[in-house]
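Structure first, commentary second.
What follows is calculated from the coordinates using simple rules that are stated; it is not laboratory data. As the structure is a prediction and not an experimental result, all values here were calculated from the model. Cβ atoms come from the backbone with ideal geometry, glycine included; neighbour counts cover every protein chain shown.
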Amino acid sequence: MADEKKNNRHQLIAGPSSRSVYARKREIGLIWLNRWGYSTPKLLEELLGLKKPAGRYLVEKLVKAGEAREVFVEGATAGYSKLELIEGKRTEVAPFLVMLTEKGKTLAQMMDNETEGSNWTRQLHGTQAVKHNLMCQYATVTFKRKLGADFVGYMPEASTETESKAGIKQPDVLLTKRVGDQYETIALEIELNPKYNTHGALDKALRGILYALKTKVQSAVYLFAAGKTGERYQAHWNLGKIPVWKKSAAVGWVKDLSVPPILIEPPYDKALSFSYPSWMRGTPWK
Amino acid sequence: MKKLLLISTVLLLAACSKNVDPFANEKCEMASQVRIAELKTDQLTKFAQVKKTEHLLCESPLLFWKPACPKTPASADVSYDTKLMWQFSLANLAIYIVLGLLLCFSARPILAINELLRTAAQRLQKKQTSALQNELDAIRSSIDHARGLLRDLTAETDKQKDILASIVVSQDEAQDHRLELAEIKKQATSALESIKRSESAAQASAIFDDM
């Protein structure tokens, strides 16, 4: 009887301690903040699989430890609303984002072997860019949650260069998953604004995806906030060739007719998927 | 008779007495020496004639029997010894006559022997001809056999050539098929890759759609 009780006690205390679990989650959170530049408590909650207020508590702990700070952003759409106790009730006072301090960044860089981290100043230049970044984070978090153990890693564009040396745009996020014994990388592009091809913006974006398909990813997904924009992209992709654009001093960007267009040939033509999810029109990170 | 003897003696004496010469002995001796010299000359002439005749005869190709040729040639101003010439001529004629007679008498046996020899030769020739014919037949048969073999070999070679040509054609076709297969494999691999990528993209899209 006594032995049984002892065994039960052992079972209760078996497994990792709460301290080590917190340390692991803190490490994941710091790396996440370092790679993306900033995030929101809700996204951290979803990333770490915590219940609703836990994300906020984690942020508070990080702030208290001097590893993170809260940043208020102009425009309510971008960030998370700060809650304060007003007359005994927690009330949203202003939207804010979580960023690493220099101390936190140093810690994160010690933990992350894959990248140095994002350039913060570049990432906070406008509410639309912040929204785009947070949308990418939400997509990554959801991808991780859906795949579970098969999720291997992520690499945001903010952690790398937005353009290659040849001037080719990089995908917004690279998501890696395990398929059997192999790894598969997917490029994710998120398009919030309706782009037009007047200055070749659409062709340049598709060229970036095609380059990624040819070099480092097996497939790519283009997510659009508006169905019309997505249809325009899809129609351009289905043409099977992408013209090359060059910058002219007189009229700006023009098609370079001296260079043959880049052909979209099998197996790359079917490797790009276009999607218009409804969450793209909301603020799911809030 | 006595008278005759007497008279002759008287006459002889008279003659002797009448022609008494004090150099008679020397003259006689000289005469005898001359006579001896003349005899010697005759003898030498005769000898030279004999030698010249012998020379003439010894060089004649017609004579069956002839004297041996003298070592020293005879002088040209000496006439031939006719007697010797005749002797040798007659002797050779006789020999020729004897030989002719012998030839005449021996013609029949010679002919018989000749006939025998001819028959034997014919038999031998026949035998040899037969043997040669047999050998020739055997050689012809061998040649025919060899020709047959050669014909068979040629036919076999042609067959082999045809087979080889068909193999080459088959190889070419196989190579073409291999290339086609490689192309099909390439296309299939590409199609498979395309399908895999398409599936991957669709799955990822579905993940984001479900959110």
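Taking the Kirkwood radius as Rh and the Cα radius of gyration as Rg, the stretch B:1-146 has a ratio of Rg/Rh equal to 1.59. Taking a straight line from the alpha carbon of A:LYS64, these lysines sit under 20 Å away, with near neighbours fewer than eight places off in the same chain left out: A:LYS25, A:LYS42, A:LYS52, A:LYS82, A:LYS103, A:LYS105. Amide H contacts under 5 Å for A:PHE274: A:TYR222, restricted to partners 5 or more places along the chain or on a different chain, H placed in the peptide plane at 1.01 Å from N.
For the protein assembly as shown, the square roots of the Cα gyration tensor eigenvalues, ordered a ≥ b ≥ c, give a/c of at least 1.5 with a/b greater than b/c, which places it in the prolate category.
Dipole check for the stretch A:166-286: with +1 at the C-beta of Lys and Arg, -1 at the C-beta of Asp and Glu, and the Cα centre as origin, the magnitude is about 280 Debye. Within 10 Å of the Cβ of each residue in A:272-278, the mean number of Cβ atoms contributed by other protein chains is 5.
For chain B, modelled as a GNM whose springs connect Cα atoms under 10 angstrom apart, the maximal fluctuation among B:ARG123, B:ARG151, B:ARG197 occurs at B:ARG197.
Screening chain B for DSSP H helices whose Cα atoms reach 30 Å or more along their own axis and whose mean Kyte hydropathy is at least 0.0 gives B:82-105. Here the protein assembly as shown is treated with +1 on each Lys and Arg Cβ and -1 on each Asp and Glu Cβ, and its dipole about the Cα centre works out to around 540 debye.
Which residue, B:GLU29, B:GLU135, B:GLU115, has the most motion in a Gaussian network model of chain B that connects Cα atoms within less than 10 Å? Residue with maximal mean-square fluctuation among B:GLU29, B:GLU135, B:GLU115: B:GLU29. Legend: P(r) of the stretch B:77-211 from all alpha carbon pair distances, 10 Å bins from 0, whole percents, reading 9, 10, 9, 9, 8, 8, 8, 7, 6, 6, 5, 4, 4, 3, 2, 2, 1. Think of chain B as having a plus end and a minus end, set by charges on the Cβ of Lys, Arg, Asp and Glu; of B:MET1, B:THR129, B:ALA94, B:MET1 sits farthest toward the positive end of this dipole.
Any chance you could tell me what percent of the C-alpha pair distances in the stretch A:126-286 go past 28 Å? Result: 21 percent of Cα pairs exceed 28 Å. Cross-link partners for B:LYS66 among the aspartates and glutamates, with Cα-Cα distance under 18 Å and sequence neighbours closer than 8 places in the same chain left out: B:GLU54, B:ASP81.
Within straight-line reach of A:LYS246, meaning a Cα separation under 17 Å, sit the following aspartates and glutamates at least 8 residues removed in sequence or on another chain: A:GLU163, A:ASP203, A:ASP256.
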